[in-house]
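Have a look at the structure below, then the notes.
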Amino acid sequence: MAGEPQADCLFCKIVAKEVPATIVRETDTTVAFRDINPQAPTHVLVIPKVHYPDAASLAAAKPQIIADILAESREVAAEDKVEDRGYRVVFNTGAGAGQTVFHAHLHVLGGRGLQWPPG
(Lines give C-alpha, C1' and ligand atoms only; values in the text may rest on other atoms or scores of the structure.)
Protein backbone atom coordinates (compact mmCIF):
# COMPACT_ATOMS: atom_id res chain seq x y z
CA MET A 1 0.00 0.00 0.00
CA ALA A 2 1.31 3.47 -0.86
CA GLY A 3 2.89 5.23 2.06
CA GLU A 4 3.72 1.98 3.85
CA PRO A 5 7.21 0.43 3.94
CA GLN A 6 7.78 -2.16 1.23
CA ALA A 7 9.73 -5.30 2.18
CA ASP A 8 11.50 -5.44 -1.19
CA CYS A 9 12.45 -1.72 -1.38
CA LEU A 10 16.11 -0.83 -0.88
CA PHE A 11 15.30 2.71 0.22
CA CYS A 12 12.68 1.53 2.73
CA LYS A 13 15.41 -0.69 4.17
CA ILE A 14 17.75 2.32 4.43
CA VAL A 15 15.02 4.28 6.24
CA ALA A 16 14.58 1.33 8.63
CA LYS A 17 18.38 1.13 9.13
CA GLU A 18 18.35 -2.46 7.82
CA VAL A 19 20.77 -1.55 5.02
CA PRO A 20 23.77 0.69 5.68
CA ALA A 21 24.12 4.06 4.00
CA THR A 22 26.25 7.13 4.54
CA ILE A 23 23.52 9.30 5.99
CA VAL A 24 24.30 13.02 5.92
CA ARG A 25 20.97 14.41 7.18
CA GLU A 26 17.74 13.10 8.67
CA THR A 27 14.49 14.84 9.58
CA ASP A 28 11.10 13.59 10.74
CA THR A 29 10.06 13.06 7.11
CA THR A 30 13.30 12.60 5.10
CA VAL A 31 16.66 10.84 4.97
CA ALA A 32 19.59 12.12 2.91
CA PHE A 33 22.51 9.84 2.06
CA ARG A 34 25.46 9.66 -0.32
CA ASP A 35 24.87 7.89 -3.64
CA ILE A 36 26.93 4.68 -3.94
CA ASN A 37 27.69 5.51 -7.59
CA PRO A 38 28.32 9.27 -7.47
CA GLN A 39 28.09 11.26 -10.68
CA ALA A 40 29.59 14.42 -9.11
CA PRO A 41 31.67 15.24 -6.02
CA THR A 42 28.39 15.98 -4.25
CA HIS A 43 25.80 13.34 -5.09
CA VAL A 44 23.29 12.87 -2.31
CA LEU A 45 19.87 11.27 -2.46
CA VAL A 46 17.06 12.80 -0.42
CA ILE A 47 14.19 10.38 0.13
CA PRO A 48 10.91 10.48 2.00
CA LYS A 49 10.53 8.12 4.92
CA VAL A 50 7.17 7.07 3.47
CA HIS A 51 7.12 4.83 0.40
CA TYR A 52 5.73 6.15 -2.85
CA PRO A 53 7.10 4.73 -6.10
CA ASP A 54 7.96 8.07 -7.71
CA ALA A 55 7.83 11.84 -7.33
CA ALA A 56 4.51 12.14 -9.14
CA SER A 57 2.66 9.75 -6.83
CA LEU A 58 4.28 11.34 -3.76
CA ALA A 59 3.33 14.85 -4.91
CA ALA A 60 -0.27 13.78 -5.48
CA ALA A 61 -0.59 12.14 -2.06
CA LYS A 62 1.77 14.14 0.16
CA PRO A 63 2.74 17.50 -1.38
CA GLN A 64 4.22 18.75 1.91
CA ILE A 65 6.75 15.92 1.85
CA ILE A 66 7.87 16.97 -1.64
CA ALA A 67 8.45 20.43 -0.13
CA ASP A 68 10.39 18.84 2.75
CA ILE A 69 12.61 16.98 0.27
CA LEU A 70 13.32 20.14 -1.69
CA ALA A 71 14.11 22.07 1.51
CA GLU A 72 16.52 19.32 2.55
CA SER A 73 18.25 19.50 -0.85
CA ARG A 74 19.21 23.08 -0.02
CA GLU A 75 20.53 22.02 3.38
CA VAL A 76 22.62 19.29 1.76
CA ALA A 77 24.04 21.79 -0.74
CA ALA A 78 24.90 24.21 2.06
CA GLU A 79 26.60 21.52 4.17
CA ASP A 80 28.60 20.29 1.16
CA LYS A 81 29.54 23.91 0.34
CA VAL A 82 28.11 23.82 -3.19
CA GLU A 83 25.17 26.12 -2.54
CA ASP A 84 26.95 29.29 -3.71
CA ARG A 85 28.68 27.67 -6.72
CA GLY A 86 25.51 26.02 -7.96
CA TYR A 87 23.97 22.58 -7.73
CA ARG A 88 21.32 20.57 -9.51
CA VAL A 89 18.30 18.75 -8.09
CA VAL A 90 16.76 15.94 -10.12
CA PHE A 91 13.72 13.71 -9.72
CA ASN A 92 13.79 10.82 -12.21
CA THR A 93 10.19 9.63 -12.52
CA GLY A 94 9.75 6.33 -14.33
CA ALA A 95 12.12 3.88 -15.98
CA GLY A 96 12.21 5.94 -19.19
CA ALA A 97 13.68 8.84 -17.21
CA GLY A 98 16.36 6.65 -15.64
CA GLN A 99 14.66 5.80 -12.34
CA THR A 100 16.06 2.49 -11.09
CA VAL A 101 14.83 2.41 -7.48
CA PHE A 102 11.08 2.84 -7.34
CA HIS A 103 10.91 4.82 -4.11
CA ALA A 104 10.60 8.57 -4.72
CA HIS A 105 13.98 10.28 -4.39
CA LEU A 106 15.74 13.47 -5.35
CA HIS A 107 19.37 13.66 -6.46
CA VAL A 108 21.47 16.62 -5.27
CA LEU A 109 24.46 17.03 -7.61
CA GLY A 110 27.24 19.60 -7.36
CA GLY A 111 30.92 20.26 -7.01
CA ARG A 112 31.70 20.22 -10.73
CA GLY A 113 30.38 21.86 -13.86
CA LEU A 114 27.01 20.45 -14.82
CA GLN A 115 26.23 20.87 -18.49
CA TRP A 116 22.86 21.42 -20.14
CA PRO A 117 21.09 19.53 -21.46
CA PRO A 118 21.78 16.68 -19.06
CA GLY A 119 22.36 13.05 -20.07
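Applied to the stretch 69-79, the Karplus parametrisation 6.51 cos²θ - 1.76 cosθ + 1.60 on θ = phi - 60° returns per-residue 3J(HN,Hα) values of 4, 5, 4, 5, 4, 5, 5, 4, 4, 5, 5 Hz, with x for Gly and Pro.
Take each peptide in 97-107, 10-20, count the other Cβ atoms within 10 Å of every residue, and average; sorted highest first, the result is 97-107, 10-20.
What's the carbon and sulfur percent of the chain's accessible surface, probe 1.4 angstrom, rounded to a whole number? Taking all protein chains in place, the chain shows 55 percent carbon and sulfur surface. Charging the Cβ of each Asp and Glu at -1 and of each Lys and Arg at +1, and nothing else, the dipole of the chain about its Cα centre rounds to 240 debye. If you take the charge dipole of the chain about its Cα centre, with +1 on Lys and Arg Cβ and -1 on Asp and Glu Cβ, which of Gly110, Cys9, Gly94 is farthest toward its positive end? Of Gly110, Cys9, Gly94, it is Gly110.
For the chain, the 222 nm mean residue ellipticity estimated from helices alone, with every DSSP H stretch of n ≥ 4 adding -39500 (n - 2.57) and the total spread over all residues, rounds to -7500 deg cm²/dmol.
For the stretch 89-111, list residues with backbone N below 14 Å from a point placed 7 Å from the Cα of Ala61 toward its Cβ? Within reach of a label on Ala61, which here means backbone N under 14 Å from a point 7 Å along Cα→Cβ, the stretch 89-111 contributes 102-105. For the stretch 67-86 versus the stretch 3-51, the spacing of their alpha-carbon centroids is 16 Å. Solvent-accessible surface of the chain, averaged per residue with a 1.4 angstrom probe and all protein chains in place: 56 square angstrom.
Counting only lysines at least 8 places from Lys13 when in the same chain, those with an alpha carbon closer than 21 Å to its own are Lys49, Lys62.
Contact order for the chain, expressed relative to its length and based on alpha carbon pairs under 8 Å spaced 6+ residues apart, stands at 28 percent. Backbone geometry of the stretch 21-38 corresponds, through the Karplus equation with coefficients 6.51, -1.76 and 1.60 at θ = phi - 60°, to 3J(HN,Hα) couplings of 8, 8, 7, 9, 8, 8, 10, 5, 10, 9, 9, 10, 8, 5, 5, 6, 10, x Hz, x marking Gly and Pro.
The values are calculated or read from the model by the stated rules, or taken from the named source; none is laboratory data. Nothing here was measured: the structure is a model prediction, and the numbers come from that model. Positions of Cβ are backbone-derived with ideal geometry, glycine not excepted, and every protein chain shown enters the neighbour counts. These accessible areas exclude ligands, DNA and RNA; they are computed on the full protein's heavy atoms, side chains included. Shrake-Rupley method; radii C 1.70, N 1.55, O 1.52, S 1.80 Å.
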